[in-house]
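In what follows, a structure is listed as structure tokens, so that the remarks can point back to it.
The values are calculated or read from the model by the stated rules, or taken from the named source; none is laboratory data. Since this is a predicted model, take the numbers as computed values, not measurements. Every residue, glycine as well, gets a Cβ built from its backbone with ideal geometry; the counts of neighbours run over all protein chains shown.
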Amino acid sequence: MNDRFESWQYPKIVEGRPTKYHWIVQGAAGFSLGYKTDIGAFTYINAREGVVIEDFVQVGSHCSVYSVSTIDGKKGRVILKKNCRIGTHSTIMPGVTIGENAVIGAHSFVNKDIPDNVVAYGSPVRIMKSLEK
């Protein structure tokens, strides 16, 4: 695995306050963070209805993860499965699960579940290809 995770430690999560890595969680009681994750600066996570980020997940900078949408009232737990990667400036909507090893391209709008081992991108997101295991 990458050297940058050699001395990895869980960041301190304080409701509505930026972590030392400059990302923020609202609804911190509903947030679960896996081991050796990498969440980019200026990412916003709304975990009021639950957000689970499993081990080895990478989330680019300036992403938004919503378990609640104030626009259309949708609610639902978001799950980012082990080793998935989310490109910078992407938005994950309520109730979405992104599968293991899936890759979401930058600037994507993810409003549906994404299976394991695929590359998906776009607005709205579309599956573009399968990845070999």
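For segment 103-129, a tally of residues being assigned to a loop (DSSP other than H, G, I, E, B) and in contact with a Phe, Trp or Tyr (Cβ under 7 Å, 6 or more places away or on another chain) returns 4.
Annotation: of all residues in segment 95-104 being touching a strand residue (DSSP E or B) at 6+ places or on another chain (Cβ under 8 Å) and closer than 16 Å to Val57 by Cβ, the one that is surrounded by the most Cβ atoms within 10 Å (Cβ to Cβ) is Ile98. The residue pairs whose first member lies in segment 7-23 and is surrounded by fewer than 11 Cβ atoms within 10 Å (Cβ to Cβ), whose second member is in a loop (DSSP other than H, G, I, E, B) and polar (S, T, N, Q), and whose beta carbons are closer than 7 Å, counting only pairs six or more residues apart or on different chains, are Lys12/Thr19. What about Tyr44, is it modelled with pLDDT under 95 and of a type in the set (Phe, Trp, Tyr)? So Tyr44 does not fit the description; no. Evaluating Ala28 against the criteria (1) buried (at least 16 other Cβ atoms within 10 Å of the Cβ); (2) of a type in the set (A, V, I, L, M); (3) under 15 Å from Ile92 (Cα atoms) leaves one unmet condition, (3). Screening Lys36 against (1) assigned to a strand (DSSP E or B); (2) out of contact with any strand residue (DSSP E or B) (no Cβ under 6 Å at 6 or more places or on another chain) leaves a single unmet condition, (1). Taken over segment 75-97, the residue count meeting the criterion of being part of a loop (DSSP other than H, G, I, E, B) and either within 13 Å of Ala47 (Cα to Cα) or at pLDDT below 95 (or both) is 6. The sole residue among Glu132, Glu100 that is in a loop (DSSP other than H, G, I, E, B), charged (D, E, K, R) and more than 14 Å from the chain's Cα centre (by Cα) is Glu132.
Anything in segment 45-90 that is hydroxyl-bearing (Ser, Thr, Tyr) and either surrounded by fewer than 19 Cβ atoms within 10 Å (Cβ to Cβ) or farther than 23 Å from Met128 by Cα (or both)? List them, or say none. Matches in segment 45-90: Ser61, Ser64, Tyr66, Ser67, Ser69, Thr70, Thr88.
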